[in-house]
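This report refers to the structure that appears directly beneath it.
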Amino acid sequence: MRASEPSLERQEVLKNMLKHDCGSCHGLTLQGGLGPPLLAQDLANKPDDYLIDTIQNGRKGTAMPPWKPFISTAETRWLIQTLLKRAP
Amino acid sequence: MIKPLLYPLFLLSFSHLIHAELRGTGDLGVVIEREPAAIQIINTTHNTALSRVTDLGDLSHASVVFSRDARYAYIFGRDGGLTKIDLLQEKITKRIIQAGNSIGGAISQDGKLIAVSNYTPGGVKIFSAETLQLLADIPALYGDNQLSKVVGLVDAPEQKFIFSLFDAGEIWIADLNEPSTPKIQKFKNVGKQPYDALLSPDGRYYIAGLFADQGLALLDLWFPEQGVKRILPDYGKQDEKLPVYKMPHLEGWAVAGNLMFIPAIGQHEVLVIKQSTWQLVKRIPVIGQPVFVMARPDGRQVWVNYAFPNNATVQVIDVKKLSLVKSLTPGKAVLHMEFTPRGENIWVSARDDNRVIIYDTSNFKELMRLPANKPSGIFFSSRAHKMGL
């Protein structure tokens, strides 16, 4: 797992994206907005593959766009781990 | 200058009052800082920041309205915070948390009521503008006792508020002539997922953008009995929808002569529509998903900013030519723009470069950069006297 972690510099970019770009729909504190909340408790019971697919390819019929052009699968995995580790 | 000798002697002890600078509020404004959540009070005559008011909760989405005396700013925060700020004393007058998750607000025609639109619990709450005391609660109930997120809340003539129900696909008019007992008129099946709305500057037309449907929903407030009509029903039908990385805002109803400019959704275009016939005049290709499409107050220029990943650029449409005449790069992650009251300058926020840039709109020259912490919305007190903002 550690081997596939993004560089520290990239982690900062991803964290900023998570907060501000994801945050424009999911809230800066990720408690939800037009999009659903992304707190650890909301994601805990969802399979990793489902979360990865949602972020990479978006969700049809909702406002969730595909982030594939900007975030690799490994980075998506790292983002999900970061979300799951966030203190409630 | 005030001459202290003209005052009774006992007043001399209040030396801070006597020496305080007298000023108006017509050239003041508010810049939202996302992180840490604060506002800056700014002056648009001298292009200066005057002060900062802090501890405002979660401002990841925030909007502002002004009291009709333009002394107070009401800040609507994402976390349901409603804060009344005194622009002269530069401090919080009152702050409440009125809901769990909030999107925007409006002030009534008479300036006495504040309405807030909420996602959680879905609905609109009405407060006294003076005391922030709750006067009425309008849950956005639909279907099988569900609550809808509420978007596109605006004030309208005759002491009304109008708003759209994102999940229900409805538009409601709330008559607040008796503030504690609002009269609601509902329009159902207006289209799927209205995501924001605008009111024409004359207060006559309410238009909601539809995220999951073709075209726009139009309500003519002079003829509400005619119901909500769909305009541009065929727009973009054949085109593949592009991903939207930030929802457009419709507040900047840009009207020049008989033309109206709005952001397309899922297309990298600004749409030009003829008012009254509601026909599409032109699709102006731009570099990204437009977020704000705002007309200079005289209507000669329309400024456009964009969603991620094209959010480092701002473009200007010349209304005479109906085409782009200028591209500017104010900084990383441009979130908002605001014209000075008569439009000689525009203030632009660049979130990831932590600055606000002021341009001269006549020659596009940069006049000033002001530091700000993750700045987003910019709101000037001239909004106090405009409907639907």
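A Cβ-based charge dipole, computed about the Cα centre of the protein assembly as shown with Lys and Arg at +1 and Asp and Glu at -1, lands at about 480 debye. The convex hull drawn around the Cα atoms of chain A, when projected onto a plane and averaged over every direction, covers 5.6 nm². Could you list, in their original order, any pairs among B:Lys94/B:Lys332; B:Lys186/B:Lys241; B:Lys183/B:Lys320; B:Lys125/B:Lys386 whose Cα atoms are separated by more than 32 Å? Listed pairs above 32 Å: B:Lys94/B:Lys332; B:Lys183/B:Lys320. Charge dipole of segment B:245-389 (Cα centre as origin; +1 on each Lys and Arg Cβ, -1 on each Asp and Glu Cβ, all else neutral): 120 debye, rounded to the nearest 20.
Both numbers refer to the Cα atoms of segment B:264-389; Rg and Dmax are 14.4, 45 Å.
Roughly what % antiparallel, to the nearest 5, for the DSSP beta bridges in the protein assembly as shown? Of all bridge pairs located within the protein assembly as shown, approximately 100 percent are antiparallel. Expressed in units of 2.2 N^0.38 Å, where N is the residue count, the Cα radius of gyration of chain B is 0.99.
The phi-based Karplus calculation (6.51 cos²θ - 1.76 cosθ + 1.60; θ = phi - 60°) puts the 3J(HN,Hα) values of segment B:372-389 at 7, 8, 6, x, 10, x, 10, 9, 9, 5, 5, 4, 3, 10, 10, 6, x, 10 Hz, whole numbers, x for Gly and Pro. Largest first, the three principal axis extents of the alpha carbons in the protein assembly as shown are 78, 59, 50 Å in whole numbers.
Basic side chains Lys and Arg get +1 at the Cβ, acidic Asp and Glu get -1 at the Cβ, and with that the dipole of chain B about its Cα centre reaches some 560 debye. Note on A:Lys15 and B:Arg230: with the Förster distance fixed at 30 Å, the Cβ-Cβ geometry gives a FRET efficiency of about 0.10. If R0 equals 45 Å, the separation of the Cβ atoms of B:Asp175 and B:Val281 corresponds to a calculated FRET efficiency of about 0.85. Report summary: the helix-based calculation at 222 nm, which adds -39500 (n - 2.57) for every DSSP H run with n ≥ 4 and divides by the residues of the protein assembly as shown, gives -2500 deg cm²/dmol.
Between A:Asn16, A:Asn57, A:Asn45, the GNM of chain A built on Cα springs shorter than 10 angstrom shows A:Asn45 fluctuating the most.
Residue by residue, segment B:288-298 carries 3J(HN,Hα) couplings of x, 6, x, 10, 10, 10, 10, 8, 4, x, 8 Hz when phi is fed to the Karplus relation 6.51 cos²θ - 1.76 cosθ + 1.60 (θ = phi - 60°); x denotes Gly or Pro. Taking every residue in A:30-37 and counting other chain Cβ atoms within 10 Å of its Cβ, the average works out to 5.
Throughout, read-outs are computed from the coordinates displayed, never taken from laboratory work. All figures in this text were calculated on a predicted structure; none of them were measured in a lab. All Cβ positions, even for glycine, are placed from backbone atoms using ideal geometry, and neighbour counts span all protein chains on display.
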